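A.B. asks: Here you go, one structure.
The values are calculated or read from the model by the stated rules, or taken from the named source; none is laboratory data. In this text, all values refer to a predicted model and were calculated from it rather than measured experimentally. With ideal geometry, Cβ positions are generated from the backbone for all residues, glycine too; neighbour counts draw on all protein chains shown.
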Amino acid sequence: MKKLGKWFSNIGLVLVLLFFGLALALPVFFSGRLAIVRSSSMEPVMPAGAMALMIPVDPEEIKEGDIITFEPSWDPDVTVSHRVVEVRTEDGLYFATKGDATEDVDPYLIPPADVHGKVVFSIPYLGFVMSHALDYVRTWWGFAFLIVVPSVVLVGSTVRDIIHSRSVRVKRLMKQQRRQQRWKR
């Protein structure tokens, strides 16, 4: 029963580490970045609280139907992800965008210089989870719980296994020596 509990705890710990490792490595792998969707303007494709992966894209490759991430000229402190509804090329390249959940097209055309990338996929609710986890990890208790405690558990478990395996080997060797001594008599 102890082995089963240890097995499940190790599997759980590995899954947590894999989750955070993938969350950090995935954007690097795709040369992109992760962002948390804060509004519901793109529902149901990207609901509020989703985690979106954006990759850099050449503005010439953007076509109607793509979801792009841009910095709007009307609010440079915000990053917006909306769907391209029209690609205009008359006086240079511009994109008309619209949120899936909104009725109106965005009031301004987006120049290629304001485009940060293209949204490749999003995972609903993962943004909320990551946001809360990151807020928690930034505290001393979060650091201790997510870094120090698992490290101590892993090191302690390894040391215990080494001691236990050594003691089992020693017991086996002593048994073999006793048997050999009996055979010699």
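A.B. asks: Which residue pairs have Cβ atoms closer than 9 Å, lie 6 or more positions apart in sequence or on different chains, and pair a first residue in segment 145-167 that is closer than 20 Å to Gly12 by Cα with a second residue that is among the aromatic types (Phe, Trp, Tyr)?
C.D. replies: Pairs found: Phe145/Tyr136; Leu146/Phe20; Leu146/Tyr136.
A.B. asks: Just to be sure I understand the filter: pairs with C-beta atoms under 9 Å, separated by 6 or more residues or on different chains, first member in segment 117-133 and at negative phi and surrounded by 15 or more Cβ atoms within 10 Å (Cβ to Cβ), second member of a type in the set (Lys, Arg) and modelled with pLDDT of 85 or more. Which pairs pass?
C.D. replies: Partner pairs satisfying both residue conditions: Gly127/Arg38.
A.B. asks: Still on this structure, please answer the following. Please verify whether Trp74 is over 30 Å from Val153 (Cβ atoms), at pLDDT below 80 and of a type in the set (A, V, I, L, M, F, W, C), treating the condition exactly as stated.
C.D. replies: So Trp74 passes the test.
A.B. asks: Which one of Val129, Val87, Val115, Val105 is out of contact with any Pro (no Cβ under 9 Å at 6 or more places or on another chain), within 23 Å of Ile36 (Cα to Cα) and at pLDDT 90 or above?
C.D. replies: Result: Val105 is the single residue among Val129, Val87, Val115, Val105 that is out of contact with any Pro (no Cβ under 9 Å at 6 or more places or on another chain), within 23 Å of Ile36 (Cα to Cα) and at pLDDT 90 or above.
For (1) within 26 Å of the chain's Cα centre (by Cα); (2) crowded, with 19+ Cβ neighbours inside 10 Å, each residue gets a yes or a no:
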| position | (1), (2) |
| --- | --- |
| Thr69 | yes, yes |
| Val78 | yes, no |
| Leu93 | no, no |
| Ala113 | no, no |
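A.B. asks: With the requirement that a residue be closer than 12 Å to Lys98 by Cα and of a type in the set (Lys, Arg), what does segment 33-84 give you?
C.D. replies: Passing the criteria: only Arg83.
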